[in-house]
Amino acid sequence: MRRTTYPSHVRGSKATAPISLTARVFLSAVIMSLIVTSATASTSPQFGGVLRFQISERVMTVDPRQWPSDSLRAAATERLASLVFDRLVRFDDHGVTQPALAVSWQHDAQAKRWQFHMREGVKFADGTQLTPEAAALSLQQSLGNEFDVSATSDSVVILADHSLPDLPAQLATGRYFIFHSAADGTLSGTGPFRVSEWPAGDGPAKVVLTANESCWAGRPFVDGIQITLGMELQKRANAIAFGQSDVVELPASQVRLVGQRGVRTASSDPVELFALQFDLARPAIQDARLREAISAAIDRASIADVVLQRQGVPAGGLMPNWLSGYAFLFPTALDLPRTRELLTATGREVSHAAPLVLVYDSGDEEARAIAERVAVNLKEAGIAVQLSAQTTGSASKPSAGDMRLVHQRIASPEIGVALPTLLASLGEPSAVLETPAQAYAAERAPIDSFRVIPLVHVSESYGLGPQVRDWMPPRWGGWLLEDVWLAPVPAPAAGGTTP
């Protein structure tokens, strides 16, 4: 705030000349004006600067035609792609579908034919005009041959041989971006940024994005973004602590620790699931009573509170409660008496039984600690477990395991999209869900049979540098970096130096 020199009678000197009422009012107005001006200068969004970002995932491409099957890698790809591309439809802050590149839509009585009316005057970052034909071509490649996608003079039409009641919500997530492919194969989008540099190869690498000056929704505040991919946890934690990055992705177990170092943190609602999935082809695990005994023996609260440092929520269901509204109906409590009762009923000779093999992803920053805690819980219940680390995506043959610790990202704030997507990712039957009762029944099926045992839901978390302003992503995670701006670096005090 600028320093202001006041008359001697205001500074508290021995001057005794009285101040007239008019002078007092005028002086008060001047002071308030200076305060408001200073506050406005420090809080008003400003254009300029480059946002530096570090994440753990090594995203190879944002091409919607080359979408990864792994849900965590797909989520990371979606975050980057959303900076470059737009969809026909988007979610607002309440998870309700709203217009994006489509301004309105309608469907027939069976919800098999959908028509999306396109926004006019939109251009791709390379200057090419967005047309219904271009949008239809993008969606046909993303949706596949199961759908028939065509264009009219002002619309995109999508036909299917079955009902699609949640199609707008489906198109608002995942790979369903609209893009233009140039003759040389370069992709352009209509989003707030354009790709300037995209690295090739494995290992840590830097993606450079620049502001799309002609974006139909308005120019983003920052001039560009530098996103370092594939960064190790310790390097990310050091980068945010010592001002080498503006935003870093944080695993749940590190949020409190980083916060204790004076770093501002932000977390979404729980949007990731850790669960045990059984290989029912393995003889050792085919008895459902043994799988139920394992479920009852796991202390989910200790995983959430100790392993994840209170950044997780014990999970009895696949969907978090903020999304389903019925997650509380699934039990999560530790029940060792029930475990012992079930083990006795199976006739399993605990002392002589071979250890069950639990496989986890060695590249997952939380998986090892969770797997170790599960093994401790089961050992205390009399069930021996052997841990087996495996690198996801490795060329080597996958390790054989009786059960696997899976880590899945909730794909959408709409349960009619999120639950079928998760079930399909787990290899479970999925179908169109039109009512809450259908969703509840579909979710209960793999849980009641103990084919899948949910453990904990985890938030998506980030460390934020002191210059970052208006970090306001949706409650279900993701990025809205077009709204983020960088506050100016404070000038050094007179005679001082910049730290």
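The values are calculated or read from the model by the stated rules, or taken from the named source; none is laboratory data. Small disclaimer: the values here were computed from a predicted structure and weren't measured. We place every Cβ from the backbone using ideal geometry, glycine too, and count neighbours over all the protein chains shown. Protein only, heavy atoms only, side chains kept; ligands, DNA and RNA dropped before computing areas. Shrake-Rupley method; radii C 1.70, N 1.55, O 1.52, S 1.80 Å.
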Mean-position separation - Cα centroids, region 401-470 and region 243-293, in angstrom: 13 Å
Protein-only accessible surface order, largest first, of Met60, Met403, Met472 at 1.4 Å: Met472, Met60, Met403
Label-point gap, in nm, between Glu380 and Gln260 - each point 7 angstrom along Cα→Cβ: 2.2 nm
Probe 1.4 Å - accessible area at His107, Å² to nearest ten: 100 Å²
Accessible area (Å², 1.4 Å probe, nearest 10) - Leu336: 50 Å²
Karplus-derived HN-Hα couplings along region 133-141 (A = 6.51, B = -1.76, C = 1.60, θ = phi - 60°), whole Hz, x at Gly and Pro: 5, 5, 5, 5, 5, 4, 5, 4, 5
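Given a Förster radius of 60 Å and the C-beta distance between Asp287 and Asp184 as r, what FRET efficiency does 1/(1 + (r/R0)^6) yield to the nearest 0.05?
0.55
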Nearest-ten-degree value, helix 288-297 long axis tilted from longest Cα axis of the chain: 40 degrees
Solvent-accessible area per residue for the chain (1.4 angstrom probe, square angstrom): 48 Å²
Filtered GluC sites (Glu not before Pro), region 137-238: DSSP coil and at most 12 other beta carbons within 10 Å: Glu146, Glu213, Glu232
Within the chain, helix-based [θ] at 222 nm, where runs of 4 or more DSSP H residues each add -39,500 (n - 2.57), nearest 500: -8000 deg cm²/dmol
Fully extended contour minus Cα-Cα distance, from Arg368 to Met472, at 0.36 nm per residue: 34.3 nm
For region 270-458, share of DSSP beta bridges that run antiparallel, in % to the nearest 5: 65 percent
Backbone N within region 82-106 under 19 Å of label point (7 Å from Gln129 Cα along the Cβ vector): 101-103
Net lengthening on full extension, Ala353/Leu480 (0.36 nm per residue, minus Cα-Cα): 40.5 nm
Accessible surface of region 270-458 [probe 1.4 Å, protein heavy atoms]: carbon and sulfur percent: 53 percent
Angle between the chain longest axis and helix 436-448 axis [Cα atoms, degrees, rounded to 10]: 50 degrees
Rounded to the nearest 10 Å², the accessible area of Thr265 at probe 1.4 Å: 50 Å²
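For region 129-275, with only Lys/Arg (+1) and Asp/Glu (-1) charged at the beta-carbon, what is the dipole magnitude about the Cα centre, in debye rounded to 20?
That gives a dipole near 840 debye.
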Residues of region 312-344 with amide N under 19 Å of a point placed 7 Å along Cα→Cβ from Ala437: 324-327, 329
q = 0.11 Å⁻¹: log10 I(q)/I(0) that the Debye formula gives for region 270-458, counting C-alpha atoms only: -0.46
Computed label-point distance, nm, for sites Ala424 and Ser267 using a 7 Å Cα→Cβ extension: 3.1 nm
Reported label for calculated volume of the Cα convex hull per residue in Å³ given (i) 173; (ii) 249; (iii) 223: (iii)
Leading residue at positive end of dipole, region 373-468 (Cβ point charges), from Leu433, Ile383, His407: Ile383
Backbone HN-Hα couplings from phi across region 168-177 [Karplus 6.51/-1.76/1.60, Hz, Gly and Pro as x]: x, 5, 5, 6, 8, 9, x, 8, 7, 8
